[in-house]
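The values are calculated or read from the model by the stated rules, or taken from the named source; none is laboratory data. Owing to the predicted nature of the structure, the values given are computational and were not obtained by experimental measurement. No Cβ is skipped: glycine too gets one built from the backbone with ideal geometry, and neighbour counts run over all protein chains shown.
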Amino acid sequence: MQIRRHWDSFVSILFPPLCASCENVLLHQEEFLCSYCQFHLPVNDHYLFSNNEAMRRIQYQATIEMAAAFLSFSESSLVQTLMHKLKYENELQVGLYLGSEFGHQLLTSPHFRDIDVVIPVPLHPKKKKSRGYNQCDSVAQGIASILKLPVNTIDFVRLLNNPSQTNMHRMERYDNVENIFRCLNPTAFEGKHVLLVDDVLTTGATIGSAARCLNSAGCRVSVATLAMA
Ligand SMILES: [Zn+2]
């Protein structure tokens, strides 16, 4: 143990751990984010009130119990840096860390009490293969580790890889995502309260489509997204 501790100190002198956002060297008691970045995370209070902006974006697209986005996303912000690392640089620690922070928040909410299973919004297999991972999986794992719930990444799948929606109008986006998900094993979901997890909420078209599919399989659905643009 003693040798291990000396070795760890030696390594941390050569390669000091850096803040995942600003990349300044972390102080001894800091973990993953420096105190400055941690303090400046734009955390939402959605988890406390069902009348929130995340809910407003999704509630007309599917029957959902509750929705919350953990952070507010804006251009050139520390959230954008973190989301980029999660989505394109395979930094799954970002998902696990922020997911568990979000999990602690949800744990204190009266609106997320009877969830049975956590499901990350799936990627199309081709996209998952080219990226190498689904960035939502680590977020779901981070949340589930705090809520002490199982994560199901097998029985809910994406059949179609919808093209980029950036230049589409709201109704086009809605048509674009219809019937792109499927529950492979409906008995795994029937009567369950599912927490559907995504990385970023924009119009809510994709997550709305996923929630409708789960509604059809007999689920009650709540939604948790890491950020909201
Ligand atoms: Zn920092």
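For the reader, a short list of remarks on this structure follows.
- Just one of the numbered conditions (1) under 10 Å from the mean Cα position of the chain (by Cα); (2) closer than 18 Å to F181 by Cβ; (3) not aromatic (F, W, Y) is not true of V117: (1).
- Within segment 136-170, the set of residues being β-branched (V, I, T) and at pLDDT 90 or above comprises V139, I143, I146, V151, T153, I154, V157.
- Residue check for A20: more than 16 Å from the ligand (Cβ to nearest atom), modelled with pLDDT of 90 or more, surrounded by 18 or more Cβ atoms within 10 Å (Cβ to Cβ) and small (G, A, S): no
This table checks each residue for (1) under 20 Å from Q141 (Cβ atoms); (2) surrounded by fewer than 17 Cβ atoms within 10 Å (Cβ to Cβ).
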{"position": "S35", "(1), (2)": "no, yes"}
{"position": "H40", "(1), (2)": "no, yes"}
{"position": "H46", "(1), (2)": "no, no"}
{"position": "A54", "(1), (2)": "no, no"}
{"position": "Q80", "(1), (2)": "no, yes"}
{"position": "E89", "(1), (2)": "yes, yes"}
{"position": "G103", "(1), (2)": "yes, no"}
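- When L82 is tested against (1) under 18 Å from A224 (Cα atoms); (2) within 16 Å of the ligand (Cβ to nearest atom); (3) not in a helix (DSSP H, G or I), exactly one condition is not met: (3).
To keep it simple, each residue is scored yes or no on (1) in the same structural domain as G99 (by TED's automatic domain parsing); (2) closer than 30 Å to R113 by Cα; (3) within 16 Å of the ligand (Cβ to nearest atom).
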site: Q2; (1), (2), (3): no, no, no
site: P16; (1), (2), (3): no, no, yes
site: Q29; (1), (2), (3): no, no, yes
site: C34; (1), (2), (3): no, no, yes
site: L48; (1), (2), (3): yes, yes, no
site: N51; (1), (2), (3): yes, yes, no
site: R57; (1), (2), (3): yes, yes, no
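- Residue satisfying condition, being at negative phi, modelled with pLDDT of 95 or more and within 16 Å of the ligand (Cβ to nearest atom), within set E91, E65, E101: E101
- Filter result (under 19 Å from A210 (Cβ atoms), outside any helix (DSSP H, G or I) and hydroxyl-bearing (S, T, Y)) within segment 103-161: Y133, T153
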